[in-house]
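In what follows, a structure is listed as structure tokens, so that the remarks can point back to it.
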Amino acid sequence: MSNYSFSIENEGYGDVIFSMSLQNEEARLKLLASTYDSFSKQHFKKLKKLGLTEQSKCLDIGSGYGSIPLWLASPQGGSALEVVALDKDITVIEKYLTNVKNIKIVQGNINEIEHYREYFDYIHIRFVLNHLPNRSELIGKLKTWLKPGGWLTITDFIWDEASLPESNHKILMKEMWSILQQRIGNNPYWILESVPKMNQLGFEELIYETHSENKEIIDTLTLFWEMTLMSMKKDIMEQSNITEEVFESGIKQTRKSLLMSYQPQVVSVSGRVAY
């Protein structure tokens, strides 16, 4: 496991890197959702068996284009009484969720919002905290937003560099994670620290689930990582000695790497606030 130290200069996720103003960002978010939504839904259903009730108040942080809030509000999903879809940029969410019953769209920064104390029964935050340097403090903050008995689910990537064979694809992924760490404080290992942190904060009934690979999602997964690397091509080329030939070769190796299970793992951790 690598040690990541932060050198942040006022840039956050979506300010420049992965900005909603980028031409393909909406399409990239849709690929992310179509790849991983099934995992999130399966995990949520396990919590319902442990006592998470219908007609609850739910919060989805970093809602992308809104697929999870829409599912939580639906009778086929969470049957929630109210779903808050929170994102710092709601350009895309508004296209899909405006005027949807039971869903409230909120634009804001999780670091700056303070008015939700003991409000929610369920908070879902996926692929967000790994991009925020103060992630440990934010877990404590989210706990105060939950009612007694409420559940928090955190989902994030783990990129195990040491386990990957040498390839141009690995070179690109390594450079991408390094840039994200330097620019916005990303840490692709932090989810491993979430269980002891949640234990320390007093969460109960902790569930740690590594989502098993599914060959059926290889097509969308390949497109997602290809599009992610292409979105960062300018940064990768400017901040490394990677040549155009190596970059193009690495992109072409993406599908093979995924088929050989050399993909970032996805982990969900959930815990319940004591009654």
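Just so you know, all these numbers are worked out from the coordinates, no wet-lab data involved. Computed from a prediction, not measured in an experiment: that's the story for all the values here. FYI the Cβ positions are ideal-geometry reconstructions off the backbone, even for glycines, and counts take in every protein chain you see.
How much of the DSSP bridge set in region 25-272 is antiparallel, in percent, rounded to the nearest 5? List each step's numbers first, then the result.
Numbers: 13 of 33 bridges.
The answer is about 40 percent antiparallel.
Computed about the Cα centre, the dipole magnitude for region 25-272 is approximately 660 debye when only Lys and Arg (+1) and Asp and Glu (-1) carry charge, each at its Cβ. Taking the convex hull of the alpha carbon positions in region 25-272 and averaging its projected area over all directions gives 13.0 nm².
Diagonalise the Cα gyration tensor of region 104-244 and give the resulting equivalent ellipsoid semi-axes, square root of 5 times each eigenvalue, largest first, whole Å.
Details: eigenvalues 205, 63, 44 Å².
They are 32, 18, 15 Å, listed from largest to smallest.
Within 10 Å, at most 14 other Cβ atoms, and a DSSP state outside H, G, I, E, B define an exposed site. Report the longest part of the chain free of exposed GluC sites (Glu not before Pro). Don't skip to the end; give the middle numbers.
Details: sites that count: E9, E11, E54, E112, E114, E118, E166.
By the stated rule (loop sites, at most 14 other Cβ atoms within 10 Å), 167-275.
Farthest toward the positive end of the dipole of region 25-272, out of I207, F120, I139, is the Cα of F120, where the dipole comes from beta carbon charges about the Cα centre. Round to the nearest 10 and give me the degree value, 0 to 90, for the angle of helix 25-49's Cα axis relative to the longest principal axis of the chain. That helix lies at roughly 40 degrees to the long axis.
The label point for K95 and the one for A274, both projected 7 Å from the Cα toward the Cβ, are 4.6 nm apart. About its Cα centre, region 146-275 has a charge dipole of approximately 220 debye under the convention of +1 per Lys or Arg Cβ and -1 per Asp or Glu Cβ, with nothing else charged. If you add up the charges near A80, with Lys and Arg at +1 and Asp and Glu at -1, over every other residue whose beta carbon is less than 15 angstrom from its beta carbon, what do you get? So the environment of A80 carries a net charge of +3.
At 0.36 nm per residue, minus the direct Cα-Cα distance, what do R117 and K234 gain on full extension? Give it in nm, one decimal, please. Mind showing how you got there, number by number?
Working: separation 117, 0.36 × 117 = 42.12 nm, distance 4.17 nm.
This chain segment gains 37.9 nm when fully extended.
Overall, region 16-147 carries a charge dipole of about 500 debye about its Cα centre when +1 sits on the Cβ of Lys and Arg and -1 on the Cβ of Asp and Glu, all other atoms neutral. Converting phi to 3J(HN,Hα) with the Karplus coefficients 6.51, -1.76 and 1.60 and the offset θ = phi - 60°, region 196-201 yields x, 5, 5, 4, 4, 7 Hz in sequence order, with x at every glycine or proline. Rounded to the nearest 10 degrees, the angle from helix 218-231 to the longest Cα principal axis of the chain is 70 degrees.
Under the simplified labelling scheme, the V106-S34 pair shows an inter-label distance of 3.1 nm, with each label point 7 Å from Cα along Cα→Cβ. Near S167, no amide H atom lies under 5 Å from its own; only residues 5 or more places off or on other chains count, and H is placed 1.01 Å from N.
Sort S268, S56 so that the residue with the fewest other Cβ atoms within 10 Å of its own Cβ comes first and the one with the most comes last.
Values: S268 24, S56 20.
Fewest to most other Cβ atoms nearby, the residues stand as S56, S268.
What is the helix-to-structure angle for 168-184, meaning the angle in degrees between its Cα long axis and the longest Cα principal axis of the chain, kept from 0 to 90 and rounded to the nearest 10? Taking Cα atoms only, the helix is inclined about 50 degrees.
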